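Visitor: One structure, as structure tokens, below. Some questions next.
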Amino acid sequence: MSKIDSVDFKNKHVIVRVDFNVPLNEKFEVTDDTRIKAALPTIKKILHDRGKVILMSHLGRPKNGPEEKFSLKHLVPNLSRYLNRDIKFSNDCIGQDALKVSQQLQPEEVLLLENLRFYSEETKGDTTFAEKLSQHADVYINDAFGTAHRAHASTAIIADFFDAKNKMFGFLMEKEIENANKVLKESQKPFTAIMGGAKISDKILIIEKLLDIADNIIIGGGMSYTFFKAQGGKVGNSLVEEDKLDLVLSLLDKAKQKGVKILLPEDSVIADSFSNEANTDAATNNNIPDGWMGLDIGPKAIESYKETIRTSQTILWNGPMGVFEMEKFSKGTETIAKTVAEATRNGAFSLVGGGDSVAAINKFSLTNEVSYVSTGGGAMLEYFEGKQLPGIAAIIH
């Protein structure tokens, strides 16, 4: 494996797996270009060296072949603006026509291939499809951390067609791995993990892993009510995973044995319906009235969590504290976001990952006030769970 910094790409055809899975509106305009911006340093390095850039990505989940709304051609204007040059586009990602365009590229030119998932072979990890993609280039770079946990043709299998010195991570992948390892392997104490979201079942593996390295695990969001129900609390109509009650009790036991503090929210903002127009009140989390549900952490929980976060040196945040998309239930998530930013300003290292946490950081304009915002929700979770990610393994091994 080579390091991108040490390679001169002059006159080389370089195929880069980027993650351009970005949201589009009904006019096919990009509404959030964070992922496009994240890929720019790698693309610019190749262009600076006078290399020839071939970009490949998926967009959405097309069912049966090409669909207009999932065409990557809609991204060309954004890419052109950021790179300050015309972008060539191929209506296919494999085949003679696409190959002809890539072979005729001149130094400092960029070609964007059509959506990889217009072929079912991509998600199946098909070797023949991967080989056809590899024919575009002399060098393969994987810069798509968001899909690194998928053993797809363009993220893992294609690497087999390049020798060790001609396959590598892009700058984004390097940063993602480096920052994840700062938490996993080099965390400064006290280390606080903030786990939110709707379901405990989505976070079981990461919480179990964190029991070996964290000092504090803060729990928020819908999954907290499963903990309270398991301990005999009344949680009204709050979200509960009935089949996970024994599991959360065992997590609490494990935490006690390992000396890890699991902080559960003392109270909640409760509502009589799942709506921004609902009547609201506050209640302790072991005594929520029937017909009411917890939709955000309450004022006492906020104060307790702020205190823990402020004294932390390493912070991992994955998942919101409540239904922050609704104004009435956004205060918990907003306050946690601002407190993580405050701790960061005071010297803590903070890593934020997972779609909803990243959306919250963006919503409250705090992206530049935390140490690192991960681009890969599922990939980051699996990396922290200790799983081998195919997109990483394919480059390293």
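Visitor: Can you give me the convex hull volume of the Cα atoms of region 4-170, divided per residue and expressed in Å³?
Guide: Details: hull volume 16.9 nm³, N = 167.
Hull volume over Cα atoms, normalised by residue count, gives 101 Å³.
Visitor: Can I ask one more? In whole Hz, what ³J(HN,Hα) sequence does region 103-119 give by Karplus (6.51, -1.76, 1.60; θ = phi - 60°), x for Gly and Pro?
Guide: Here the 3J(HN,Hα) series is 5, 8, 4, 9, x, 6, 9, 10, 10, 9, 7, 5, 3, 4, 7, 6, 10 Hz.
Visitor: Quick one: which residues, 5+ away or cross-chain, put their amide H under 5 Å from the amide H of residue 54? H built at 1.01 Å from N.
Guide: Amide H to amide H, under 5 Å and 5 or more residues apart or across chains, residue 54 pairs with 14, 15, 16, 111.
Visitor: Related question: How large are Rg and Dmax for region 284-397 when calculated on the C-alpha trace, in angstrom?
Guide: Taking only Cα atoms of region 284-397, I get Rg and Dmax of 16.1, 56 Å.
Visitor: Quick one: what are the phi-derived ³J(HN,Hα) couplings along region 266-280, Karplus 6.51/-1.76/1.60 with θ = phi - 60°, whole Hz, x for glycine and proline?
Guide: Result, ordered by residue: 5, 9, 9, 7, 10, 9, 8, 7, 7, 7, 5, 8, 5, 6, 10 Hz.
Visitor: Could you pull out every residue, at least 5 positions away or on a different chain, whose amide H is within less than 5 Å of the one on residue 89? Hs are placed 1.01 Å off N in the peptide plane, and Pro or chain starts have none.
Guide: Amide H neighbours of residue 89, under 5 Å, 5+ apart: 112.
Visitor: Report the full-extension gain for the segment residue 49 to residue 37: residue separation times 0.36 nm, less the Cα-Cα distance, to one decimal in nm. Could the numbers behind the result be given before it?
Guide: On the way: separation 12, 0.36 × 12 = 4.32 nm, distance 1.95 nm.
My answer for the length gained is 2.4 nm.
Visitor: Further question: Rounded to the nearest angstrom and ordered from largest down, what semi-axes does the equivalent ellipsoid of region 141-208 get from its C-alpha gyration tensor (root of 5λ)? Numbers along the way, then the final one.
Guide: Numbers: eigenvalues 174, 60, 16 Å².
Each semi-axis is √(5λ); the values are 29, 17, 9 Å.
Visitor: Compute the angle between helix 331-345 and the longest alpha-carbon principal axis of the chain, please, reported from 0 to 90 degrees and rounded to the nearest 10.
Guide: 70 degrees
Visitor: Students often check this: by mean Cβ neighbours within 10 Å, which of 128-138, 103-113, 316-326, 13-23 ranks highest, and how do the rest follow? Provide the component values of the computation, followed by the final result.
Guide: Details: 128-138: 19.4, 103-113: 16.9, 316-326: 25.5, 13-23: 22.8.
For the peptides 128-138, 103-113, 316-326, 13-23, the packing ranking is 316-326, 13-23, 128-138, 103-113.
Visitor: Determine the gain in length on full extension of the stretch residue 186-residue 247; use 0.36 nm per residue of separation and subtract their C-alpha separation, reporting nm with one decimal. Don't skip to the end; give the middle numbers.
Guide: Details: separation 61, 0.36 × 61 = 21.96 nm, distance 2.90 nm.
Going from the current span to full extension adds 19.1 nm.
Visitor: In 10 Å bins starting at zero, report the fraction of Cα pairs in region 187-384 per bin as a rounded %.
Guide: Going from the shortest bin to the longest, the percentages are 10, 39, 38, 13, 0.
Visitor: Residues of region 190-223 with the amide nitrogen closer than 14 Å to a label point 7 Å from the Cα of residue 257, along Cα-to-Cβ, please.
Guide: So the set is 208-209, 211-212.
Visitor: What percent does the relative contact order of region 266-343 come to when contacts are Cα pairs within less than 8 Å and at least six residues apart?
Guide: Details: 121 pairs, mean separation 23.0, N = 78.
This gives 29 percent for region 266-343.
Visitor: Using a basic spin-label model with each label point 7 Å from the Cα along Cα→Cβ, how many nm lie between residue 385 and residue 307?
Guide: Reported label-point gap for residue 385 and residue 307 is 3.4 nm.
Visitor: If one computes the Cα centroid of region 230-269 and of region 280-332, what distance in Å separates the two points?
Guide: 15 Å
Visitor: How big is D for the chain, in µm² s⁻¹ as a whole number, if Stokes-Einstein is applied with the Kirkwood radius of its Cα pairs at 25 °C and 0.890 mPa s?
Guide: Working: Rh = 22.4 Å.
Translational D for this selection: 109 µm²/s.
Visitor: Quick one: Karplus J couplings for region 72-77, per residue in order, coefficients 6.51, -1.76, 1.60, θ = phi - 60°, nearest Hz, x for Gly and Pro?
Guide: Each residue's phi maps through the Karplus curve to give 6, 4, 5, 8, 4, x Hz.
Visitor: How much FRET efficiency would the formula 1/(1 + (r/R0)^6) give for residue 86 and residue 397, where r is the Cβ-Cβ distance and R0 is 56 Å, rounded to 0.05? Don't skip to the answer; put the middle values down first.
Guide: Numbers: r = 38 Å, r/R0 = 0.68.
Calculated transfer efficiency: 0.90.
Visitor: Shifting gears a bit: Quick query: amide H of residue 239 versus all other amide H atoms, modeled in the peptide plane; which residues come in under 5 Å with a sequence gap of 5 or more or a different chain?
Guide: Counting only residues 5 or more places away or on other chains, the set is 294.
Visitor: Place a +1 charge on the Cβ of each Lys and Arg in the chain and a -1 charge on the Cβ of each Asp and Glu, then give the dipole magnitude about the Cα centre in debye, rounded to the nearest 20. Walk me through the intermediate numbers first.
Guide: Working: 48 positive and 54 negative charges, 195 e Å.
With only Lys, Arg, Asp and Glu charged at Cβ, the dipole is about 940 debye.
Visitor: Kindly express, to the nearest 10 degrees and within the range 0 to 90, the angle between helix 34-48's C-alpha long axis and the longest C-alpha principal axis of the chain.
Guide: Tilt relative to the chain: about 30 degrees.
Visitor: Grab the Cα-Cα distance for residue 128 and residue 96, subtract it from 0.36 nm times how many residues apart they are, and report the gain in nm with one decimal.
Guide: Numbers: separation 32, 0.36 × 32 = 11.52 nm, distance 1.48 nm.
Result for the pair: 10.0 nm of gain on full extension.
Visitor: At a threshold of 8 angstrom on Cα-Cα distance, excluding pairs fewer than six apart, so keeping six or more, what relative contact order does the chain reach in percent? Mind showing how you got there, number by number?
Guide: On the way: 864 pairs, mean separation 60.7, N = 397.
15 percent.
Visitor: Another question about this same structure. In µm²/s, what is D for region 169-253 at 25 °C and 0.890 mPa s, where D = kT/(6 pi eta Rh) by Stokes-Einstein and Rh is the Kirkwood radius from Cα pairs? Before the final figure, lay out the partial values.
Guide: On the way: Rh = 14.3 Å.
Using the Kirkwood radius from Cα pairs, D works out to 171 µm²/s.
Visitor: I've got another one for you. Which FRET efficiency value, to the nearest 0.05, do you get for residue 6 and residue 160 by plugging their Cβ-Cβ distance into 1/(1 + (r/R0)^6) with R0 = 25 Å? The partial results should precede the final answer.
Guide: Details: r = 22 Å, r/R0 = 0.90.
Efficiency, from the Cβ-Cβ distance: 0.65.
Each value in this text was obtained by applying a stated rule to the coordinates, not by laboratory testing. Not measured: the values here are computed from a predicted model. A quick note on method: Cβ atoms are made from the backbone with ideal geometry, for glycine too, and the neighbour counts reach across all protein chains shown.
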